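*Asks:* Here it is, the structure, as structure tokens.
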Amino acid sequence: GLTAALAVGAGTAAATGGSAGAAPATFAHPGMLHAYGELNRAKVRVAAGTEPWLSGWNRLTANRHSASTWAPNPQKTIIRGGTGENYGILYNDIHAAYQNALRWKIAGTTAHGDTAVRILNAWSATLTTLTGNADRFLAAGLYGYQFANAAELMRGYSGFDLGRFQTMMRTVFYPLNNQFLNQHNDACITNYWANWDLCTMNSILAIGILCDDAAKYDQAVNYFKNGAGNGSLRHAVPYLYDNVDGYALGQWQESGRDQGHTMMGMGQMGAFCEMAWSQGDDLYGYDGNRFMKAAQYVAKYNLGHAVPFTTYTWGTGQNCAQQSHTVISAASRGQVRPVWDLLYYHYGRRRGLDVPYIKAIAESVRPEGGGGDYGSTSGGFDQTGFGTLLYAK
């Protein structure tokens, strides 16, 4: 399976004469977090009762969001930030749609497929507005890419109104994504942390794939490579260390802030790279495996080891007033988030690279759960999870 996966991942750039950032001439479906090969492997391994897939599957089926009895609660307006917040309704329904879609894809149970479609159709018939303070951009990004992933899994399912769902993604989510990536809420370009750009980029990339829209796909990939904000690769990983105890490491943009948001960044950039990989673009390996070096750094520190830190200075607010982090933050150090198996199984297994820190932290979290398994607040729903079930190789 390794050779085939490498061939798929390496194919597009060669076929298009090396313009690796260009959208594929024809989009692969399903082609976001879960391509056909990943889903089929999970299906076969779970049916055979093989570990660690079985343990990952058991986490999915034990999650209340994955129950086929889930009843959607669609809203016309979703508010994140400020008065009248109700966005928890949205992220709970999205994770229910996603988890039911996974159960349909892996076990073929139509009750779960029907439930996923019922949730997706209910929201596309109802939602018109995402609003709130600046946090509305986080909602548009996080829930945009997650919603698109649930819909991608249900593409072609009887009764799913894909066209109406695509319209919702283009008219409710994308305008906020596009506005943020271009204007950053009228703030200094470096004011917003990497995760704000990354969730926005994920939504644009996912909408591009869902809607077979090459311009949106290219917008997201080009930003990853060349964007001026903190979600682009070189801004997200500003400093490299060539040899620390034998390994190259990369300092993450939010490392001086706290470790919860830093690990959120691992999940967000990991999701971006995986979605692009499903379309034949290797962003995991871009710029000399720069993201891998950052994941090794973050994993090493959160396992309790010391890592180097370079003072990080950035501009804030509207006038770019300078602030600095002089030390790495120990806040939320060692927090558990289901973001590591995606990275381990790519770098360690698909590519066969030596990534001991990513491997060790992935083992400490395995088997990964998903939304609803890591608390009821929004942070537990920042990543779709279930990496053990879906990426083990």
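The values are calculated or read from the model by the stated rules, or taken from the named source; none is laboratory data. Treat the numbers as computed from the prediction; the structure is a model and nothing was measured. As a convention, Cβ positions derive from the backbone with ideal geometry for all residues, glycine included, and neighbour counts pool all protein chains shown. Surface areas here come from the heavy atoms of the whole protein model, side chains and all, with no ligands, DNA or RNA. Shrake-Rupley method; radii C 1.70, N 1.55, O 1.52, S 1.80 Å.
*Asks:* Of (1) open to solvent by 40 Å² or more (accessible area, probe 1.4 Å); (2) of a type in the set (Gly, Ala, Ser); (3) in contact (Cβ under 8 Å) with a residue 24 or more places away in the chain, Ala48 satisfies all except one. Which?
*Replies:* (3)
*Asks:* Can you tell me which of Arg170, Arg136, Arg164 is open to solvent by 30 Å² or more (accessible area, probe 1.4 Å) and under 14 Å from Tyr91 (Cα atoms)?
*Replies:* Residue meeting the stated conditions: Arg136.
*Asks:* Being without any contact (Cβ under 8 Å) to a residue 40 or more places away in the chain and of a type outside the set (D, E, K, R), is that true of even one residue in the range 247-258?
*Replies:* No: the range 247-258 contains no residue that is without any contact (Cβ under 8 Å) to a residue 40 or more places away in the chain and of a type outside the set (D, E, K, R).
*Asks:* Any idea how many residues of the range 197-230 are open to solvent by 30 Å² or more (accessible area, probe 1.4 Å) and either modelled with pLDDT under 95 or of a type in the set (A, V, I, L, M, F, W, C) (or both)?
*Replies:* 3
*Asks:* Which count do you get for residues in the range 108-121 that are of a type in the set (Gly, Ala, Ser) and surrounded by fewer than 17 Cβ atoms within 10 Å (Cβ to Cβ)?
*Replies:* Here the count works out to 2.
*Asks:* Let me ask you something else. In the range 107-147, what residues are part of a loop (DSSP other than H, G, I, E, B) and within 25 Å of Trp53 (Cα to Cα)?
*Replies:* Of everything in the range 107-147, those that are part of a loop (DSSP other than H, G, I, E, B) and within 25 Å of Trp53 (Cα to Cα) turn out to be Gly108, Thr109.
*Asks:* Return yes when Ala194 is of a type in the set (A, V, I, L, M) and open to solvent by 10 Å² or more (accessible area, probe 1.4 Å) and no when it is not.
*Replies:* It is false that Ala194 is of a type in the set (A, V, I, L, M) and open to solvent by 10 Å² or more (accessible area, probe 1.4 Å).
*Asks:* Name every residue in the range 275-290 that is in contact with a helix residue (DSSP H, G or I) (Cβ under 6 Å, 6 or more places away or on another chain), in a helix (DSSP H, G or I) and open to solvent by less than 10 Å² (accessible area, probe 1.4 Å), in order of residue number.
*Replies:* Selection gives Met275 alone.
For every residue, the table says whether it meets (1) in contact with a Pro (Cβ under 7 Å, 6 or more places away or on another chain); (2) surrounded by fewer than 16 Cβ atoms within 10 Å (Cβ to Cβ); (3) within 20 Å of Glu254 (Cβ to Cβ); (4) of a type in the set (A, V, I, L, M).
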{"residue": "Thr326", "(1), (2), (3), (4)": "no, yes, yes, no"}
{"residue": "Val339", "(1), (2), (3), (4)": "no, no, yes, yes"}
{"residue": "Tyr347", "(1), (2), (3), (4)": "no, no, no, no"}
{"residue": "Lys359", "(1), (2), (3), (4)": "no, no, no, no"}
{"residue": "Gly375", "(1), (2), (3), (4)": "no, yes, yes, no"}
{"residue": "Phe381", "(1), (2), (3), (4)": "no, no, yes, no"}
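Yes/no per residue for (1) open to solvent by less than 70 Å² (accessible area, probe 1.4 Å); (2) under 30 Å from Asn222 (Cα atoms); (3) in contact with a Lys or Arg (Cβ under 8 Å, 6 or more places away or on another chain); (4) at pLDDT below 95:
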position	(1), (2), (3), (4)
Thr12	yes, yes, no, yes
Ala15	no, yes, no, yes
Pro30	yes, yes, yes, no
Ala35	yes, yes, no, no
Ser55	yes, no, yes, no
Ala67	yes, no, no, no
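*Asks:* Being at pLDDT 95 or above, crowded, with 24+ Cβ neighbours inside 10 Å and among the acidic types (Asp, Glu) narrows it down to one residue among Glu363, Glu368; which is it?
*Replies:* It is Glu368.
*Asks:* Which residues, counting only those in the range 318-336, are outside any strand (DSSP E or B) and aliphatic (A, V, I, L, M)?
*Replies:* The answer is Val327, Ile328, Ala330, Ala331, Val336.
*Asks:* Of the residues that make up the range 289-311, is at least one more than 26 Å from the chain's Cα centre (by Cα) and among the small types (Gly, Ala, Ser)?
*Replies:* Yes.
*Asks:* Kindly establish whether Gly108 is within 30 Å of Glu363 (Cα to Cα) and modelled with pLDDT of 95 or more.
*Replies:* So Gly108 fits the description; yes.
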